[in-house]
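Below is one structure, written out as C-alpha cells; comments come after it.
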Amino acid sequence: MKRITGAISNQITVRKSDFICTLIPVNNVNEALEQLTLLRKKYYDATHNCYAYIVEDGIKYSDDGEPSQTAGLPIYNVLEKNELTNILAVVTRYFGGILLGAGGLVRAYAKATTEALAVAEIVEINTYQKILVTIDYPKVDILINKIEAEPIERQFGKDVKMTYLILENQVDSFVNLIQELTNGDAKIELLEKSTF
C-alpha cells in the first residue's frame, strides 16, 4: 500500500467547470469526516464537494448531488488503482454552465484526482513485525554474526533477549533462520505489528 505525505490541492478546468481536487492524509474515519467538514466550509459556495476516503476502519465515497456513480466512485477508483490508503480525496466542482453528461463527469472527476496525485508525494507503506528472540549467551555470537538484521533492543539477564523489526513478508524466513542457527533452542515471540 501507499500513502501521500502531505495535503495538496490541484485544479483543472473541463468545459468551463472548475474541478479542485484536495488530497489529505488521514488515519481514520473521524479524521476524514473532520477534514471533509472543513473543506465543505472552505468551499461553501461550490456546486458539489464529491469525495472518497480509504482508511483502515472504512471506505466511503459520495457523489454529493451529481448523478449516481459519476463522481465519488471515479474518485475512489483512482485511489484504489494507485493502491492508496489513509487518504481523503475531495473534488470540488464549480459549475461552468455546460452539462458534461454522465461519461464526461466520470472522466472529469477521475482526471482531477489523477492529476492531483501526479503532484502529490507518495510513499510506500510497509508493515513490520516486532519479534522477540530469547537465547542463551553462547548462541549470541552466532546470531550477531549470521543475521543481517540489527536488533532494535537488547536485554541481558540470565539469558539474552533481542528484539527485531522485520518486514511482514520476511517473518517466516527470519524465524526459520533463527531456529536453524540455534538448533531450535531460541524462544521466538511474535509481538505487535507496526505500519510506517
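Values quoted throughout were computed directly from the atomic coordinates according to the rules given, and no laboratory measurement underlies them. None of the values given here were measured: they were computed from a predicted structure. Quick reminder, even Gly has a Cβ in these numbers, built from the backbone with ideal geometry, and neighbours come from all protein chains shown.
Couple of notes before you dig in:
- One Cα centroid belongs to segment 26-52, the other to segment 128-150; the line between them spans 48 Å.
- Sorting 137, 109, 51 by the number of Cβ atoms found within 10 Å of their own Cβ, with the fewest placed first, yields 137, 51, 109.
- Taking only Cα atoms of segment 2-124, radius of gyration then Dmax in Å: 13.1, 40
- Folded to 0 to 90 degrees: helix 29-42 orientation relative to the chain principal axis, Cα: 30
- Ranked for footprinting exposure by Cβ neighbours inside 10 Å, fewest first, 163, 22 give 163, 22.
- Mean separation of Cα pairs under 8 Å and 6 or more residues apart, divided by the residue count, gives the chain a relative contact order of 23 percent.
- Counting every other Cβ atom within 10 Å of each residue's Cβ, 9, 68, 62 order from fewest to most as 68, 9, 62.
- The chain: angle of helix 101-119 to the longest principal axis, Cα-based, in degrees nearest 10: 40
- Using alpha-carbon coordinates, inclination of helix 171-181 to the longest axis of the chain, degrees: 10
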